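Step one of this worksheet: look at the structure below.
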Amino acid sequence: MYRMLMIATVLSLLASPGLAAEPTLCTSRIDGKDVPMAYDKDEDISRQNYSLREVLFTRRGRDTCPSYVVLRSLTPDLTDEQRRPFCLRHDAEADSIIGYDLGRRDAYGRCRAPSGSLCRRINQTKGAAGQISGAAAGGAVRGLRALPDGSGAIILEGSRSHISSALGAIGGAAASLAASPVLLTGAAVTVLTVGGAVYACRED
């Protein structure tokens, strides 16, 4: 898994314009393990993605990867704009990133007010993502709303039964998501459609 995270991060950098000849190597503590990564420290967008406080922190601590690099590795299918709704969930006791959640970020890219939930991408959802976005634009299903952060994300929150009912009302591929194991557990669930994919966030 961790080798895949590193490979995904490096590949995303190689696909970026203006890549430095030699990427900067760093490590991040994820699920209790030190994961090696690489990024272009001269990339323009990096100046927008993390604060001076984080720059100083990553130079001193064991975790030397900027938070945006870690979030990119966890959500390789999204652009930085599409990642806006997400923050890194940090386990203070283990001093480790344990996943990502919905919410505002602090100066270190971590969730300001951790909800205790984790988000996971639901597989094979491209058709469902389009249907959910279409339903939100048409106002046909109650509870669907667009996040006002420029990410283009559509969000649906509520109980498991409410989520299942809403997805069923949309029909097609969206309705089939109601049977996803990710949605069948947990009393309260948030479904997020962004970047042509669907994410489910629930207590874990």
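Derivation of every value follows stated rules applied to the coordinates shown; laboratory data play no part. In this text, all values refer to a predicted model and were calculated from it rather than measured experimentally. All Cβ positions, glycine included, derive from the backbone under ideal geometry; neighbour counts span all protein chains shown.
Tabulated data for the structure shown
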{"item": "Amide H contacts of D40 (H built 1.01 Å from N, under 5 Å, at least 5 apart or other chain)", "result": "T24"}
{"item": "Contact order normalised by residue count of segment 121-203, Cα under 8 Å, 6+ apart, percent", "result": "38 percent"}
{"item": "Prolate/oblate/rounded label for segment 60-190 (Cα gyration tensor, a/c 1.5)", "result": "prolate"}
{"item": "Simple label model, 7 Å out from Cα along Cβ direction - D31 to A179, nm", "result": "2.7 nm"}
{"item": "Cα lying deepest toward the dipole's positive end in segment 110-154, options N123, G152, G138, charges on Cβ", "result": "N123"}
{"item": "Sequence-distant residues sharing a close amide H with G99 (under 5 Å, placed H)", "result": "R89"}
